[in-house]
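What follows is a short report on a single structure.
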């Protein structure tokens, strides 16, 4: 598979590009790939959290830092 990695200005990988021909091949192999049904309540919650983040990005916590905080309390 010939994927391309997308990075931000610091070099951190933020995404992956898959050529459409290979995406179509994956969809043919794994029929359920586009059949994921996300409940409306969950979609609303994600939209709310994204809006909260857009309004207050400084309050977001790095994933690794958050996991370290959680593990400290275990």
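The values are calculated or read from the model by the stated rules, or taken from the named source; none is laboratory data. Treat the numbers as computed from the prediction; the structure is a model and nothing was measured. Note that we place each Cβ from the backbone using ideal geometry, even for glycine, and neighbour counts take in every protein chain shown.
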**Prompt:** Quick one: in the stretch 43-74, which of the residues that are over 17 Å from the mean Cα position of the chain (by Cα) and part of a loop (DSSP other than H, G, I, E, B) is surrounded by the most Cβ atoms within 10 Å (Cβ to Cβ)?
**Reply:** 56
**Fill in**
Residues of the stretch 17-33 being out of contact with any helix residue (DSSP H, G or I) (no Cβ under 6 Å at 6 or more places or on another chain) and either assigned by TED's automatic domain parsing to the domain that holds residue 62 or surrounded by 10 or more Cβ atoms within 10 Å (Cβ to Cβ) (or both), in sequence order, are 17, 18, 19, 22, 23, 24, 25, 26, 30
**Prompt:** Consider residue 15 against the criteria (1) part of a helix (DSSP H, G or I); (2) in contact with a strand residue (DSSP E or B) (Cβ under 6 Å, 6 or more places away or on another chain): it satisfies all of them except one. Which criterion is unmet?
**Reply:** (1)
